[in-house]
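Visitor: Can you keep this structure in mind? I'll have questions shortly.
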Amino acid sequence: MATVILHPGREARLAGGHQWIYASEIRSIDGTAQPGDVVDVRAADRTFLGRGYFNPRSTIAIRLLTRQREAIDDAFFRRRLEEALALRRRVVSGTTACRLVSSEGDGLPGLVVDRYGDLLVVQVLTLGMARHQDRLVRLLQELAQPAAIYGRNDMPVRRLEGLPQEAGFLAGEATLLVDIEEGGLRFRVDVAGGQKTGFYLDQRENRQAVEAYARGEVLDAFCYTGGFALHAARAGARVLGVDSSAEAVAAAAAHARWNGLAERCTFQAGNAFDILRALAREGPRFDAVILDPPAFAPSRRALPRAAAAYKEINLRALKLLRPGGILVSCSCSAHVSEELLCALVAEAAFDARRRVRLLEARGQSRDHPVHPGMPETRYLKCLILEVE
């Protein structure tokens, strides 16, 4: 096994729990390491720091798997998967869909596994994890006993790892349109063509939390297939859902019908920015506005433009809210911290001449665990504010 030696002082971040080693932090390599190989990592003074897989073509050259001198074999992956499944049994209830494995949050960087009923959807995002894909599929069959396993390995991030974009069954076969339940509501998930692996599982607990605030007239901007909208409607609100995707809007309308909420829901296809701007000219008319946009900051370089976009949609939303209304403002951009999102909402409130109070600061559902030493793993922020 090759050994990677870091530049002096570069071990501090790892000591804090971070699992990534950047190419610029590597001083030398003792031995030969092929892309995807497991390597030992040592500080400049040769102190052992951990063991992880190596990809020289990626900016993140090494992703740590363990801090111990242990074999990365069947027993290792079995133990990590068993720990991940045990956590979901403790924290997930009231749904037939959840995340079973959440990459670094479960000590398996580059691996995502979502369950939709009897179907598992797997994403292998890194070369090092791709080397173990067959082993992982076999272990998942044994431990989770799904009817089938589908690979959504079509994510653009795989290109950065030198991996092809592809999709298809990895074990068994099943329908790719899966009906799930979430808190008593029914949804149909397109695991082959939907966003992420088909559904925004990370917002599940936030959707349920919003029910406590939903009343009167509610606007759900960037509504996708109606997750937030249906929870608000079930609480008694009348909901207008907006999304740029006509297919998503059609699915949201179908979900409203299936759940007996069609009379409370109206869905409209269109650009959410344009619709928010047009509605704002009419003045306050909503009792709650939900903002759950796509990631405006896919990279750190995009952060200034993303910050302007977040501020704009929050400004428009604030102008739409009646006194005492509720603003639900979300960001799934890992580069946008909770502090920055709060600051942008505060700036928007100042410009809109509205006073806001933060009621809840939430994150992703508990089946998407956060690694305390890796801020990147707390990518989802959800602020619930009262507007006066």
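Visitor: Figure the gain on full extension for Thr47 and Ala246 (residue separation times 0.36 nm, minus the Cα-Cα span) and round it to one decimal in nm.
Guide: Gain in length upon complete extension: 66.1 nm.
Visitor: Expressed as a whole number of Å, what is the distance separating the alpha-carbon centroids of region 177-235 and region 134-176?
Guide: Computed from Cα coordinates, the inter-centre distance equals 25 Å.
Visitor: Classify region 1-153 as rounded, prolate or oblate from the Cα gyration tensor: take a ≥ b ≥ c as the square roots of its eigenvalues, call it rounded if a/c is under 1.5, otherwise prolate when a/b beats b/c and oblate if not.
Guide: prolate
Visitor: Under a cut-off of 27 Å between alpha-carbon atoms, report the lysines in cross-link reach of Lys319, not counting same-chain residues fewer than 8 places apart.
Guide: Lys319 reaches Lys311, Lys381.
Visitor: How charged is the neighbourhood of Ala235? Take every other residue with its Cβ under 12 Å from the Cβ of Ala235, and add Lys/Arg as +1 and Asp/Glu as -1.
Guide: +3
Visitor: Let me check I've understood the local charge: for Ala144, count other residues with C-beta under 13 angstrom from its C-beta, Lys and Arg +1, Asp and Glu -1. What total comes out?
Guide: Here the charged neighbours net out to +2.
Visitor: Out of the GluC sites (Glu not before Pro) in region 171-238, which ones are loop residues according to DSSP with at most 12 other C-beta atoms within 10 Å?
Guide: Within region 171-238, the qualifying GluC sites (Glu not before Pro) (loop, at most 12 other Cβ atoms within 10 Å) are Glu173.
Visitor: Could you give the nm distance between label points at Gln141 and Arg366, where each point is 7 Å from its Cα heading toward the beta carbon?
Guide: Result: 3.3 nm between the two label points.
Visitor: Can you tally the net charge around Leu185? Count Lys and Arg as +1, Asp and Glu as -1, for every other residue whose Cβ sits under 12 Å from the Cβ of Leu185.
Guide: +1
Visitor: A follow-up question, please. Describe numerically, in nm with one decimal, the distance between label points set 7 Å from Cα along Cα→Cβ at Ile29 and at Thr59.
Guide: It works out to 2.0 nm between the two label points.
Visitor: Using 7 Å Cα-to-Cβ label points, what is the Arg186/Glu376 separation (nm, one decimal)?
Guide: Going by the 7 Å Cα→Cβ label model, 4.1 nm.
Laboratory data are not the source of any read-out in this text; all were calculated from the coordinates shown. Keep in mind the model is a prediction, meaning the values are calculated, not measured. Cβ sites come from the backbone with ideal geometry, for glycine too, and all protein chains shown count toward neighbours.
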